[in-house]
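Remarks on the structure that follows.
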Amino acid sequence: MKNLSIRGKLLLTFAGLAFVVLLVSLLSVRSLASANGRFTDHVKGIGNRAALASHVRTAVDRRAIAARNLVLVSQPRDRDMERALVLAAHADVGRYLSALKTATAQAGHADATALDLVARIDKVEQSYGPVALDIVDLALRGKKEEAIVKMNDECRPLLAALSQATEDFAKFTAAHEARLVQEAESAYELQRDVLIAASLVAVIAAAAAGWLVTQSITQSMAQAVKVAEAVADGDLTVKVSLARTDEVGKLFRALSRMNVSLTEIVARVRMNSEGIATASTQIATGSADLSLRTEQQASSLQQTASTMDQLSSTVRHTAANASQADQLAVDARAVADEGGAVVAQVVDTMRHINDSSQRIAEIISVIDSIAFQTNILALNAAVEAARAGEHGRGFAVVAEEVRTLARRSGEAAKEIEGLISRSVEHVGQGSKLVELAGQTMQSIVSSVKGVSDIVREISTASAEQSVGVSQVGGSISNLDQVTQQNAALVQQSAVAAESLRQRAGGLVEAVSVFKILPQA
């Protein structure tokens, strides 16, 4: 029964109910047929025979009355009428008696008693009928006294015997009818009890079959609902029975396959979500570190840009001093030229030269200091360019050129310082070397010319250095802007990585609702 399909269960149940209904219907039809047979037998049998017996007696009475009247009347017309009545009644008696004999003989339940009673009526009629006709004949011939004697002596006893015979048949028929009614009532009660019992059995069978089928289906559906509710609650470890082979078994197998598929999907989603959570955590940590390093790099670039601004200002100042020194060198050359023409003013000129030399010495000292600071700044710029990597390559080249120029400026300054020192010494000895003024002045003119050229070169180099430093400053400013943008992008990446980590954590938490069996 468990492995029978729901369709089979329903068909079997309805087939059983149909069989019980058919059985009850057959019993009902049989009962109706039996009752109809009894009723037909009563109507067409007993009732008919009772009616025929009554007709026989009535016809006999009519014949007897008509025969008596025929004896009593005197008018010819009355005698003819009574004679016709006698003959008609006599014919009716014969016809009804013949029909009664035939009906009794053909009855399905005919017995000896009924046949004997009919035979008794017929026997009395065989005797009484001729006597009644003889009385009619005597009355028609005018022999009333003989007719009356025959009527009293023969007719009355036979009429009484015939009446008794028909009455006995009527009593027998009534008793037989009562017996049939009793049998019908007994049969009705029996068949009623059988139908009630069959109906009760049918109802009980239908209820039992319906209960069994309903229990089988509802219990199976309850198990299926329990499995579905467990899956809906996230419990994928629920066991599904696969022993049934009916539609419920097919449903359980489908639920089992669904459970297995969901378990595999949840396991894969859980594994992937955990991997995503781990990766997003690592990305968030790396982004935070990268953001911190980028901010530090941006701060360093800002400091470098500030330093480059200071260096650019210093270089511009150096270029201005170099230009001034160049002008001074030109003036010194003019003075030297004039000194060659005006020897008489040697002392005054020497004093001016001494003052100019002191001033030049100070300027050269400043230039030497600027060259030294420029060299240090160029070295720092090279270090910062090395830190900047690919973005600082051009800056490193410019810094190297600046360093070279600073070194050359320092060497020139030292050389000029040496020349100025000798010029001071010469000025100190001017009084002793007046006679050599012309020659010395020529040397001074040459020296001043050289100084003028060197100072001009220093001025040109300082201008170029200023332009280079400005370009380096612009490059560092651009690099600072790019670094600031990179820092902003890294910060956004860190925020996105943190959001991804949170979402991955939410996904892991959502998947953790499902309970699955440990994966092999």
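Numbers at a glance
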{"read-out": "Odd one out for Glu390, checked against (1) over 60 Å from the mean Cα position of the chain (by Cα); (2) modelled with pLDDT of 70 or more", "value": "(1)"}
{"read-out": "Exclusive hit being in contact with a helix residue (DSSP H, G or I) (Cβ under 7 Å, 6 or more places away or on another chain), touching a residue at least 24 places away in the same chain (Cβ under 8 Å), not acidic (Asp, Glu) and not assigned by TED's automatic domain parsing to the domain that holds Leu100, set Val131, Val194, Val227", "value": "Val227"}
{"read-out": "Any chance Val402 is of a type in the set (A, V, I, L, M), buried (at least 23 other Cβ atoms within 10 Å of the Cβ), at pLDDT 75 or above and part of a helix (DSSP H, G or I)", "value": "yes"}
{"read-out": "Unique residue being in the same structural domain as Ala334 (by TED's automatic domain parsing), of a type outside the set (Ser, Thr, Tyr), surrounded by fewer than 16 Cβ atoms within 10 Å (Cβ to Cβ) and touching a Ser or Thr at 6+ places or on another chain (Cβ under 8 Å) when the list is Arg387, Arg393, Arg422, Arg407", "value": "Arg387"}
{"read-out": "Looking only at the stretch 75-93, and only at residues there that are within 23 Å of Val124 (Cβ to Cβ) and among the small types (Gly, Ala, Ser), the one that is surrounded by the fewest Cβ atoms within 10 Å (Cβ to Cβ)", "value": "Ala91"}
{"read-out": "Selected residue (only one of Val511, Val472, Val495 is among the aliphatic types (A, V, I, L, M) and either in contact with a strand residue (DSSP E or B) (Cβ under 9 Å, 6 or more places away or on another chain) or at pLDDT 75 or above (or both))", "value": "Val495"}
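To keep it simple, each residue is scored yes or no on (1) out of contact with any Pro (no Cβ under 7 Å at 6 or more places or on another chain); (2) modelled with pLDDT under 75; (3) more than 30 Å from Arg387 (Cβ to Cβ); (4) surrounded by fewer than 18 Cβ atoms within 10 Å (Cβ to Cβ).
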position: Leu236; (1), (2), (3), (4): yes, yes, yes, no
position: Asp246; (1), (2), (3), (4): yes, yes, yes, no
position: Arg257; (1), (2), (3), (4): yes, no, yes, yes
position: Ala267; (1), (2), (3), (4): yes, no, yes, yes
position: Ala277; (1), (2), (3), (4): yes, no, yes, no
position: Arg293; (1), (2), (3), (4): yes, no, no, yes
position: Ser299; (1), (2), (3), (4): yes, no, no, yes
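Every residue, every condition in (1) among the β-branched types (Val, Ile, Thr); (2) part of a helix (DSSP H, G or I); (3) modelled with pLDDT under 85; (4) touching an Asp or Glu at 6+ places or on another chain (Cβ under 7 Å), yes or no:
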| site | (1), (2), (3), (4) |
| --- | --- |
| Ala59 | no, yes, no, yes |
| His90 | no, yes, no, no |
| Ser98 | no, yes, no, no |
| Lys101 | no, yes, no, yes |
| Thr104 | yes, yes, yes, no |
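The values are calculated or read from the model by the stated rules, or taken from the named source; none is laboratory data. Note that this is a predicted model, so its numbers are computed, not measured. Heads up, the Cβs are rebuilt from the backbone with ideal geometry, glycines too, and the neighbour counts pull from every protein chain shown.
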